[in-house]
Structure formats: structure tokens, C-alpha cells
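Written below as C-alpha cells is the structure these notes are about.
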Amino acid sequence: MTRFKIIGNNGFTTEDYPEPEVWAGVLARAGLTELEYFADHLEPVLFRHVIRSRSTFLQATLEAMRSHGLAPWSAATARVSYLMNLLNHPYADMRREGLEWCKALVDLAAAIGAPYVSGHYDIMGKRDMAEHFDVAMQRIIDGLVAMSEHAAARGIKAIFLEQMHRPQLQPNTIDRGHYLLNAINARSRVPVHMHVDLGHAAPVFDDPRHGPRDKDPYAWLAEPFGTNRTVLVHAQQSDALASRHWPFTPEYNAQGIIDARRCIEALAASGVGEAVIALEVLFPRGTLITAIEPDIVESAGYWRRSLEALGYMRAADGAYEKRA
């Protein structure tokens, strides 16, 4: 039977509120106790000396989480990793450096005490996608296997690979998701699990192999991937036109296509052991924290109420499960 966990994500304060006590306070007041830590807050190569020396900002980040009762669940790639051809650059020397970025992300997870790494790690060039797609897919496999070796050495338990919304970002279909996970896990040193974003399925318009099933977020959630032990879900309210990252408020729930109860039922139907629901609610640059906080609080409440309405109860460890 599937157990559910609701966690936070601190991407909503990138750029405007770099102070860790700001996002930590919001997540705590939303009743959340774990979070994905966005690497945009502490970019692992540019700020590697902060991480390695455990200097002032890292200490302030750890203290903010501790004082607000938060534990880091993962270090998340955020935006940087799929704006550059990290694992899929056509030049081998650039791919080597891209792999070093992925290893640095693992080091960030270890430094903050997160057991997992999550997100997306690369983008294909247009020519490789059109002319050398199989080669580019193999680069992803080889890169994630190499990343897994570093993760194992650093004590990381698993890596989560995010499904994306463009054919240059793989996997973007259910079949490709199976292919990549199976090929990576045949050689990886730590498990690599599926990471589904609720806003990434519908708005794919330039891939003839992306069919109706791939456009259905509930089909992704109901699909058993790999060992099916765990799945990470980026929860955002969205529509079929773009990945919106709207909050789960009455206003946006009326506009969007995502219903939490349907998501929970689809995940339970997949038979996955644990489903981790990470709220990835983002806002336009410049939005004041006083406007952000109520939407984060309401979004967390919406998912809790949806689980409870379906008969799930909160266990001692904070997860939700159905009682016999």
C-alpha cells in the first residue's frame, strides 16, 4: 500500500529572498518538515568553497532549517542544469566538466545532510536530438551511472530523474522513462527513481512520439517505473499550455487541470511503495514574501485535506497512510 509524504521546495525565494530564514519560516508555517533544497540558492560549483569550508552561509542555512524543524530531503538541480549541455555536450571535454557539476550537486546534498539528489541533469543540442538521438540518450545513461558512483561514495541513497516538457530534455515520454531508468539502473551504484512533474506532461507540442498517454499527468502517476519503490512528484497547478507552477488555491484550481485526489488515486493504483509530493509552487520575480506565504500555506493544506478525504491518516513519522 502506498505511503504518501508532503514536502516543501524552496525555489519560491530564489533571487528575491536569498536569506535562508525567510524560506525556512514559510515552509515551517505551512506545516512542512522536509524540503528539496534548490541548488539555485547555493550553486554547487560557483560557491563550492562555501560548501567545502562550511563557511558562514552554509552554517546559516543549516541553522535556519534546524531552528524551524526542517530536514533537507534532497539537493535539487533547479534551473541551471537544463540550461546547459552538461552531460550531453557534443564535445567530450565539456561533458567531463558537466559531470563535475553533477558531482558537485551530490557534494551539496552530502554537505546539507540530504539523503537524495533530485531534478534534471542535462539538455541535448538540436542537432544531436535530430541526427544522433540514440547517442545522446547513451550519454545520459553513462553520465547518470558515473554520477551514481560519486553518490554512492558520498553516502547518497538514491537519485531522482525528472520527466520533462521538451524532446531535448529526456525522458519526455513514458516509454523513454522506462528505457532510461532500466538502462541506468542496470549499471548504477545507487537506485535511480522516476521524478514526475505534474506540469510537464501536457504542454509538449513538438515531438511526434509524445502521444495522448504521454500528455496525461495521471498516466505518468499510475505507471510503475523501475522497482516502483518510490516516486517523487513535483506538485504544481498547471494547464495544458505551459508548465505554470501555480499554487493550489481556489482561483488557480478553477483554471488548472491538476486535481490532488485524482493524483493520489493514480499513485496508489501504480502500487508504488512511497510517493513523495514536493510542492513546487513558483512566483514571478519580485513577488513579495507576504503574497507568497499564504499561497504556500494553502497549497500544503490542499494536499493534506485531499489525502485525508481519501482516508489517509498521518503517521508518527509524518507520512500519510491508510489504516486497516
Could you list, ordered by first residue, the pairs with Cβ atoms under 8 Å in which the first is in segment 37-50 and in contact (Cβ under 8 Å) with a residue 24 or more places away in the chain and the second is aromatic (Phe, Trp, Tyr) and surrounded by fewer than 17 Cβ atoms within 10 Å (Cβ to Cβ), at least 6 apart or interchain?
LEU42/PHE57
For SER74, the lone unmet condition from (1) closer than 24 Å to LEU267 by Cβ; (2) more than 20 Å from the chain's Cα centre (by Cα) is (2)
In segment 162-191, which residues are under 17 Å from the mean Cα position of the chain (by Cα), more than 21 Å from ALA275 (Cβ to Cβ) and in a helix (DSSP H, G or I)?
none
Pairs needed: first member in segment 100-123, more than 23 Å from VAL231 (Cβ to Cβ); second member anywhere, part of a helix (DSSP H, G or I) and modelled with pLDDT of 95 or more; C-beta distance under 7 Å; at least 6 residues apart or different chains.
LYS103/MET147; LYS103/HIS150; ALA104/ARG48; ASP107/ILE51; ALA111/ILE51; ALA111/LEU58
Scan segment 140-161 for residues that are buried (at least 22 other Cβ atoms within 10 Å of the Cβ) and part of a strand (DSSP E or B) and jot them down.
ILE159, PHE160, LEU161
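Surrounded by 13 or more Cβ atoms within 10 Å (Cβ to Cβ), of a type outside the set (S, T, N, Q) and within 28 Å of VAL204 (Cβ to Cβ): which single residue out of TYR302, TYR320 fits that description?
TYR302 is the lone residue from the list that is surrounded by 13 or more Cβ atoms within 10 Å (Cβ to Cβ), of a type outside the set (S, T, N, Q) and within 28 Å of VAL204 (Cβ to Cβ).
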The one condition ARG262 fails out of (1) within 17 Å of the chain's Cα centre (by Cα); (2) surrounded by fewer than 22 Cβ atoms within 10 Å (Cβ to Cβ) is (1)
Within segment 36-54, restricting to residues that are of a type in the set (A, V, I, L, M) and in a loop (DSSP other than H, G, I, E, B), the one that is surrounded by the most Cβ atoms within 10 Å (Cβ to Cβ) is ALA39
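The rows are residues; the columns are (1) under 20 Å from the mean Cα position of the chain (by Cα); (2) acidic (Asp, Glu).
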| site | (1), (2) |
| --- | --- |
| GLY119 | yes, no |
| ASP122 | yes, yes |
| ARG127 | no, no |
| HIS132 | no, no |
| ILE140 | yes, no |
| GLY143 | yes, no |
| HIS150 | yes, no |
| ALA153 | no, no |
Selection within segment 81-106 - farther than 22 Å from GLY155 by Cα and aromatic (Phe, Trp, Tyr):
TYR82, TYR91
Counted residues in segment 55-103 being part of a helix (DSSP H, G or I), of a type in the set (A, V, I, L, M, F, W, C) and at pLDDT 95 or above come to 11
Those residues of segment 241-259 that are more than 20 Å from ALA30 (Cβ to Cβ) and either β-branched (Val, Ile, Thr) or surrounded by fewer than 15 Cβ atoms within 10 Å (Cβ to Cβ) (or both) come to a total of 5
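The values are calculated or read from the model by the stated rules, or taken from the named source; none is laboratory data. Only a predicted model underlies this, so the values are computations on that prediction, with no experimental measurement involved. Please note: Cβ atoms are built from the backbone with ideal geometry, for glycine as well, and neighbour counts cover all protein chains shown.
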